[in-house]
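Some notes on the structure that comes next.
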Amino acid sequence: MLRTIDLEQAHAEDSALRDELRRISLALANSKKVVVITGAGISCSSGIPDFRTAGGIFTKKKRFGVKAQDVFSANVFQTTQGQQAFNQVMGELKEAIDQAQPTSAHQFVKQLYSKGTLLRSYSQNIDGLEELAGIPEALTGNGRDINPDGKNVQLHGTIHKLKCFTCFVESEWTEDFLSTFKSGQAPKCPACEKDQDPNRRRRNIGSLRPAIVMYDEDHPFGDDIARLQNHDKECQPDFLIVMGTSLSIPGLVKVVNFFAEDLQEDSILYVNKTTASATLSKPFGYHIHGEADLWVNMVFDDWGHTTTPTPPKTPAGSQLQGLDDEDPVYMIQLEACNQFLFLSLPVLISSIPFHAEPTKAAVEVSCNQCPRIRNPPMANG
């Protein structure tokens, strides 16, 4: 059954809602194979507009007589006005993206990657902020090769590469290309121009467009993405997070359903400031209603990654201490079930009467509510 948690309400008061969010943070900390699926909403705070919310790209006025929502359809290239509208939007969007930096949501996915618990990130976004945050791409070599160490998949391609759909050679952006796009025109392909032979019949010179995948357009590397999805499913992910998307695209809904079908509902998390547009075959366990950045910053607080908390004193007057001052997360393992707990959560530490005696190699902790807890290895990153 779906449980909705309003972030503003949970953030504004020390309530049962905040405690519930802490329990989600703890469950996520214990997860080993997390799949994250993201949309445009995780990039908004960087200055990149999303599509459907107020002020989004789809709410803008017509360009060259073309509706904003039609600019990303493959049919836009059928008319001169459509091509002009597409080119201008691409130029303006590229300019905004070049000034953007990864958000807290991107850093959260990077944190999962650093800890070794990110099975895969699937992003609808074309801005490349995942890679800028330090998450390696899974598809390399112009999308033709699978990087075994790659963790991010760009489901809709990237705006940072330009491609000629006559000779299929990719080109890098230049200032001249950017100015041409912003004027509503498409730059000529330099590879086609270079390939002209004055002694032969003149060949067609193609135009460049960003290497993104339009609506109603097949992904050129769809088979490779399907292989990655099947591989990830076989790895048996234990947590699914869907962030910053309204789930309006049927193809993305299929991806969410694919990964959700074998998971418990409490391990399926939806983080977005609007409700989902689609009904899933398996419902989310939680809808965290609000901005993705606000939620991940709460998670960071729970994990102890934004500040170094002062460990609370126990009733006996002793103090729980970590082994590494640079990492404030205390990860301990329950001897009875081998479950890991991250003890940077003040609510967890203070809720049961711990007695701690730090040693040189580890902290040995016992309490009167659970089996002996011993030898806590420190969390990475």
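Brief remarks follow.
- Tally, over segment 38-50, of residues that are without any contact (Cβ under 8 Å) to a residue 60 or more places away in the chain and part of a strand (DSSP E or B): 0
- Breaking point among (1) out of contact with any strand residue (DSSP E or B) (no Cβ under 8 Å at 6 or more places or on another chain); (2) touching a residue at least 40 places away in the same chain (Cβ under 8 Å); (3) more than 25 Å from Tyr215 (Cβ to Cβ); (4) surrounded by fewer than 21 Cβ atoms within 10 Å (Cβ to Cβ), for Gly134: (2)
- Residues (in a helix (DSSP H, G or I) and either at positive phi or under 17 Å from the mean Cα position of the chain (by Cα) (or both)) located in segment 258-285: Phe259, Ala260, Ser267
To keep it simple, each residue is scored yes or no on (1) surrounded by fewer than 20 Cβ atoms within 10 Å (Cβ to Cβ); (2) part of a loop (DSSP other than H, G, I, E, B).
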residue	(1), (2)
Gln88	yes, no
Asp149	yes, yes
Val153	no, no
Ile159	no, no
Trp173	yes, yes
Asp176	yes, no
Gln185	yes, yes
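- Residues in segment 1-37 that are of a type in the set (Ser, Thr, Tyr), over 19 Å from the mean Cα position of the chain (by Cα) and either not in a loop (DSSP other than H, G, I, E, B) or not assigned by TED's automatic domain parsing to the domain that holds His289 (or both): Thr4 alone.
Residue by residue, here is whether (1) in contact with a helix residue (DSSP H, G or I) (Cβ under 9 Å, 6 or more places away or on another chain); (2) modelled with pLDDT of 95 or more holds:
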{"position": "Met214", "(1), (2)": "yes, no"}
{"position": "Arg227", "(1), (2)": "no, no"}
{"position": "Asp232", "(1), (2)": "yes, yes"}
{"position": "Ser246", "(1), (2)": "yes, no"}
{"position": "Leu252", "(1), (2)": "no, no"}
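- Test: residue in segment 130-141 that is assigned by TED's automatic domain parsing to the domain that holds Lys254, touching a Leu at 6+ places or on another chain (Cβ under 7 Å) and modelled with pLDDT of 90 or more: yes
- Filter pass, Thr245 being assigned to a loop (DSSP other than H, G, I, E, B), among the hydroxyl-bearing types (Ser, Thr, Tyr) and surrounded by fewer than 18 Cβ atoms within 10 Å (Cβ to Cβ): no
The values are calculated or read from the model by the stated rules, or taken from the named source; none is laboratory data. All figures in this text were calculated on a predicted structure; none of them were measured in a lab. Because the Cβ atoms are built from the backbone with ideal geometry, glycine has one as well, and the counts that use them run over all protein chains shown.
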